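Okay, so here's the structure we're looking at.
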Amino acid sequence: MSAGDQWNGAPRHRMTPAVRSSGVTGGLAAAMILSAAPAMDGGVAQASTQIQEVTSPGGVEAWLVEEQGLPIISIEISFIGGASLDPDGKAGLAALLTGMLDEGAGPYDSAAFSLRQDEIAARISFSAGRDTIGAKLTMLRDKREESLELFRAALNEPRFDAEPLEKVMGQYRSVLRQHSQDPNRLANDAFYGAMFPGDPYGRPRLGTIESMGSITAEDLRAAMPRLLNRSRMKVGVVGAVTAEELGPMLDAVLGDLAGADAAPAELPQAPPSAPGGKTVVDFDAPQSTLLFGHGGVPRSDPDFIAAYVMNYILGGGGFSSRLTEEVREKRGLTYGVGSFLSPMDRAALYVGYVSTSNDKVTEAIDVIRDEWTRMAEEGPSAEELDGAKRYLTGAYPLRFDSNAKIANFLVQAQLDDLGIDYIATRNALVEAVTLDDVKRVAARLLKPDDLFFAIAGRPELETATP
Amino acid sequence: MQDAAPIDSAPGRSVVSPPIHSFTLENGMKGVVIQDRRAPVVTHMVWYRVGAADEIRGESGIAHFLEHLMFKGTDSIPSGRFSKIVAENGGQDNAFTSYDYTAYFQRIAKDRLAMVMSMEADRMVNLRLTEEDVATERDVVLEERSTRTDNDPQSLFYEQLQAALYLNHPYGSPVIGWRDEIEKLDREHALAHYQRHYAPDNAILVVAGDVTPEEVEALAKEHYGPLAPAGRTRPIRPQEPPQLAERRIAMTDERVRQPFVTRQYLAPSYRTAEPGVSEAFNVLSEILGGGASGRLYRELVQDEKVALNAGGYYSGLAVDDGTFGLYGVPADGVELEALERRIDAVLARLIEEGPTEDELSRAKMVLISGRIYQQDSQASLARMYGSALTIGMSIEQVRDWPARIEAVDAAAVVAAAKSLDRRRAVTGFLSTAPIEDTAEEAATR
């Protein structure tokens, strides 16, 4: 529980995000749209020129944005591989490893590590995703030596002591039990399980109580060079630190990690199966929770940006999207509906979500399928495309208004191989998308009959379309 | 008013406040400007001093329902266009409702500040609602209630717990409203709430970002200045009578797979406490329940191994009394009653022995550094000032908070812990229900 929380609405002060409504285009409203794009391009370009490529004396590479405005430094690291490297029968290994890195390292046992972290106010966190393991450190500039030493110990010398290992496994079992009472998690597991049968992408990231239980401290030790490997590492740094200062810091923390050839660099692709149809996971609730989708577009695809613009119009654009308009605003079927592109390292998906009363599931699915068909057949209007471009280009600087967000971008841009000048060129890529581009990618991407719906709830499906 | 000077505190803990300016328009609307030059964007927020705790009894959920309806139309903005206009200008917008406030915000390029101000000022007084808009949106809110609460036994449990904690105060009703009352909310209820509470003198403007105080004040004068004040202040809510009886609730739900125990005490808020007392509760909550270095976690999870997780929290940003909470998730085979006794033992020993110097120092470090880290987010700063000012705190109280945390001593922490009174608290057990009639269950699926 961070100190900031008490100012930000603690548990009793429940925040409930809001709303909007049906789409009438109006003269006065249109007149309120100011001339062309908002005047932010200067700011965006400025941020990109500030990115420095730093190579440490020991050869560790990082992207740095120096920001001396606040006395804090954020470091974000991604190691490619993640849960995709979990061996069969040991699903959850990457997740358990990230849970154990701060449970005792170097001279600190588990308790001493957390006490030390608080003493110096270092914020250290680790996470395991399908394709990456993430490591983050946010620290006060005047506690940087102490903070870096703790971070180094966690990444290089985790102890995996028996007692905290048993504790963390108990906590993970508890989390897995909680997942089984969470309809979002149930729908998620059913969806990915059906999309990727037999592949690590199809397994819950924490594994199962059985697979988690089979993991030993030896397994964790053996996985270290595979999961935290220098050759598959991307580093982003933002804050009150110069390039000269950063080099030795990188060497100290990351220089001694295992190098290349600890695991195959290329993992096999995992094309999603597109089974179509539905699966229902029984959950006793008045409302059903749905995750749906089919194959998508890889990040490296030449049509990715066109698909991104298309998705904004169909389901990515919040209150401006067609799905929100049709499912929520016109019919009141849901509080939340939307879609997103999900380009992973070994597969690409196009995914949507909605939750609606059990007796309205059939109607919601029909409306969504109709919108899929309409976009695939007709594409967007010129007006919709213009609105999407205005939002996507105008809102781009909102992604760079905090050190934490910039650090995240620096890592993601390296993972996606976007190039160090991407921020300066990105809005031009969006502007260049034509109506024909969007129509082409919509026709290619959207397959209404391939949509697979994973439903957690007790939906009334008797009139469902086949 | 400006302050950019470091607050004096222990080494390594100096907190440099961002420059904060404030002004008041002639119609009574307050403005706060937080400068942040790092990106060419602004966060524009309008906070109303009205929340769910100001609702008429029987109309629970109306504050939140109106918040949804505020995105419909006015005379100049056709129904449903508000957010689309913001998006077409490269901005993001939303709103949120709490017990003590309702707030609306946009995040957008700084040269669009005048535009969003004119739109926000417009809907402060010119909201237009059709019966159809209201009926459809009510369905949306009912679905929202299902998503947030009815689908989740833990949320339902906290709703029951909260209702049991308050005998009379409206904090006992959920912000989103009880389902049967939401179902009865209509256009007239919404407009009555709107006319009663939405006016410039009941609102606070917060702008954070790459702006100067002068330009924000000039824009505020132009757009919010012409609106007529309503001359009303926040009504006094029904208060709690003396609470004499400890409450205990036990909820079972077949869907629950992970039982836990929690207790919430009434505790003074930053608005109702004597000076320094809320700060002591903040430090107490860190010492007892602050993550893996808090006493509850160290003793019950690490040492005794009777819990998988345990902690505590203090909710002090409230107009009326706040809450102090404790919770524990039992280890396999540990009964909830047994875990509750262990939690009480940890609390009792802290009262008896007091915190160590190390504990005090660590807790303060975590709290004060949190304030430094928070400055990384323009939106988070705007939200902090907005919520604090809307409940009635001053800019100085917010700004000087780190120094007051630094001043908390061991005696104040013990006094805060001692003041927790089980007669003014509710203890709740959430556990799974045995499935009694599986044959019938199977048949109905």
Task: Residues A:Arg144, B:Arg148 arranged by fewest to most Cβ contacts within 10 Å - done: B:Arg148, A:Arg144
Task: Cα centroid separation - the range A:159-209 against the range B:349-383, whole Å - done: 32 Å
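Could you list the square roots of 5 times each eigenvalue of the Cα gyration tensor of chain B, that is, the equivalent ellipsoid semi-axes, sorted largest first and rounded to whole Å? It would help to have the intermediate numbers written out before the result.
Working: eigenvalues 292, 190, 72 Å².
In descending order, the three semi-axes are 38, 31, 19 Å.
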Task: Nearest 10 degrees, 0 to 90: helix A:382-394 Cα axis against chain A principal axis - done: 20 degrees
- [ ] Classify the protein assembly as shown as rounded, prolate or oblate from the Cα gyration tensor: take a ≥ b ≥ c as the square roots of its eigenvalues, call it rounded if a/c is under 1.5, otherwise prolate when a/b beats b/c and oblate if not.
- [x] rounded
TODO: Would you mind checking B:Lys72/B:Lys184; B:Lys30/B:Lys110; A:Lys360/B:Lys84; B:Lys84/B:Lys110; B:Lys72/B:Lys221; A:Lys136/B:Lys110 for any pair whose Cα atoms are more than 22 angstrom apart?
DONE: A:Lys360/B:Lys84; B:Lys72/B:Lys221; A:Lys136/B:Lys110
Task: Alpha-carbon gyration tensor eigenvalues x 5, square-rooted, for the range B:291-436, Å - done: 31, 20, 16
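What average count of beta carbons from other chains do you get within 10 Å of the Cβ of residues in A:315-327?
What the average comes to for A:315-327 is 2.
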Task: Rounded Å value of the spacing that divides the Cα centres of the range B:213-264 and the range A:127-155 - done: 37 Å
TODO: May I ask you to list the lysines whose Cα is less than 16 Å away from that of A:Lys447, ignoring any residue fewer than eight positions away on the same chain?
DONE: A:Lys278, A:Lys439
Task: Long-range HN-HN contacts of B:Arg271 with modeled amide H, under 5 Å - done: B:Ala318
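Under Stokes-Einstein, with the Kirkwood radius over Cα pairs standing in for Rh, what whole-number D in µm²/s applies to chain A at 4 °C and 1.567 mPa s? Mind showing how you got there, number by number?
Values: Rh = 24.3 Å.
Estimated diffusion coefficient is 53 µm²/s.
Over the range A:110-164, what relative contact order in percent results from Cα pairs under 8 Å that are six or more residues apart? Numbers along the way, then the final one.
Numbers: 38 pairs, mean separation 16.4, N = 55.
Relative contact order of the range A:110-164: 30 percent.
Just how large is the dipole of chain A about the Cα centre, in debye to the nearest 20, putting +1 at every Lys and Arg Cβ and -1 at every Asp and Glu Cβ? Working shown, then result.
Working: 44 positive and 64 negative charges, 164 e Å.
Result for chain A is approximately 780 debye, rounded to the nearest 20.
Mean separation of Cα pairs under 8 Å and 6+ residues apart, divided by the residue count of chain A: what relative contact order is that in percent?
Contact order relative to length: 21 percent.
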Open item on the list: Amide H of B:Ile249 versus every other amide H placed in the peptide plane: which residues, excluding those fewer than 5 positions away on the same chain, fall under 5 Å?
Closed with: B:Thr427, B:Gly428, B:Phe429
- [ ] Have a look at B:Gln302, B:Thr262, B:Gly290 and report the one farthest towards the positive end of the charge dipole of the range B:235-362, computed about the Cα centre with Cβ charges (Lys/Arg +1, Asp/Glu -1).
- [x] B:Thr262
- [ ] For helix A:144-156, report the angle its Cα long axis makes with the longest principal axis of the Cα atoms of chain A; keep it between 0 and 90° and round to the nearest 10°.
- [x] 80 degrees
TODO: Would you mind giving the mean number of other chain beta-carbons within 10 Å of the Cβ of each residue in A:172-178, as a whole number?
DONE: 4
- [ ] Give the cross-link partners of A:Lys330 among the aspartates and glutamates, using a straight C-alpha distance below 12 Å as the criterion and excluding same-chain residues fewer than 8 apart.
- [x] B:Glu132, B:Asp133, B:Glu137, B:Asp139
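Counting other C-beta atoms within 10 Å, which of A:Tyr335, A:Tyr172 has the fewest, and how do the rest follow? Kindly include the intermediate steps, with their values, before the conclusion.
Working: A:Tyr335 24, A:Tyr172 21.
Least to most surrounded, the residues fall as A:Tyr172, A:Tyr335.
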- [ ] Would you work out which of A:Gly99, A:Gly82, A:Pro183 lies farthest towards the positive end of the dipole of the range A:43-188, given +1 charges on the beta-carbon of Lys and Arg and -1 on that of Asp and Glu, about the Cα centre?
- [x] A:Pro183
Open item on the list: Can you tell me, using C-alpha contacts under 8 Å and at least 6 residues apart, the relative contact order of chain B as a whole percent?
Closed with: 21 percent
TODO: Report, in deg cm²/dmol and to the nearest 500, the calculated mean residue ellipticity at 222 nm for chain A, where each DSSP H run with n ≥ 4 adds -39500 (n - 2.57) and the sum is divided by the residue count.
DONE: -11500 deg cm²/dmol
Task: Candidate lysines for bridging to B:Lys305, where Cα separation is under 19 Å - those fewer than 8 sequence places away on the same chain excluded - done: A:Lys167
Task: Total charge dipole magnitude, the protein assembly as shown, about the Cα centre, Cβ charges on Lys, Arg, Asp, Glu only, Debye to nearest 20 - done: 740 debye
Open item on the list: Viscosity 0.692 mPa s, temperature 37 °C: give me the Stokes-Einstein translational D for the range B:183-241 in µm²/s, with Rh taken as the Kirkwood radius over C-alpha pairs.
Closed with: 226 µm²/s
- [ ] Output ³J(HN,Hα) for the range A:405-414: one whole-Hz value per residue in order, computed from phi by the Karplus curve 6.51 cos²θ - 1.76 cosθ + 1.60 with θ = phi - 60°, and x for Gly and Pro.
- [x] 5, 5, 4, 4, 4, 4, 6, 4, 5, 6
Task: Shielding by other protein chains, B:56-66, mean Cβ within 10 Å - done: 1
Open item on the list: Among A:415-426, A:281-292, how do they line up by average Cβ neighbours within 10 Å per residue, starting with the highest?
Closed with: A:281-292, A:415-426
TODO: Classify the range B:237-376 as rounded, prolate or oblate, taking a ≥ b ≥ c as the square roots of the eigenvalues of its Cα gyration tensor: rounded when a/c is under 1.5, otherwise prolate if a/b is larger than b/c and oblate if not.
DONE: oblate
Open item on the list: When a/c reaches 1.5 or more, the comparison of a/b and b/c decides; with that in mind, is the range A:320-466 rounded, prolate or oblate per its Cα gyration tensor?
Closed with: prolate
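How do B:179-185, A:87-93, A:134-140 rank on mean C-beta neighbours within 10 Å, highest first?
A:134-140, A:87-93, B:179-185
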Task: Listed peptides A:213-223, B:321-331, B:338-348 by packing density, highest first (mean Cβ within 10 Å) - done: B:321-331, B:338-348, A:213-223
TODO: Please give the helix A:162-179 orientation as an angle from the longest Cα principal axis of chain A, in degrees from 0 to 90, rounded to the nearest 10.
DONE: 10 degrees
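Where a number appears in this text, it was derived from the coordinates with a stated rule and is not lab data. Everything numeric here is computed off the predicted structure, so don't read it as measured data. Methodologically, a virtual Cβ is constructed for each residue, glycine included, from the backbone with ideal geometry; neighbour enumeration extends over all protein chains shown.
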